[in-house]
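Below is one structure; the comments refer to it alone.
The numbers here are math on the coordinates, done by the rules we state, and not lab data. If you're wondering where the values come from, they're calculated on a predicted model, not measured in any experiment. As a convention, Cβ positions derive from the backbone with ideal geometry for all residues, glycine included, and neighbour counts pool all protein chains shown.
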Amino acid sequence: MASAATDELTNARARRREAMNFIKEGGEREDAPPAAIRASLKNHGHSEPDSNAG
């Protein structure tokens, strides 16, 4: 039981570290379209992809 809780905590810390690095790097993922394309899609009625998905 303790091992599962430890694994969960370790995974949560890793996700937090990845999120902080993402923010530090300007919030652009390699697989995300450039900001200009996202803005253009948004202006034409397309919703932005959910960044929390996955």
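With neighbour counts taken as other beta-carbon atoms within 10 Å, the residues S40, S3 rank, fewest first, as S3, S40. For the pair A35 and A2, label points projected 7 Å from Cα toward Cβ lie 4.8 nm apart.
Net charge of the neighbourhood of D7, taken over other residues with C-beta under 14 Å away and scored Lys/Arg +1, Asp/Glu -1, is +1.
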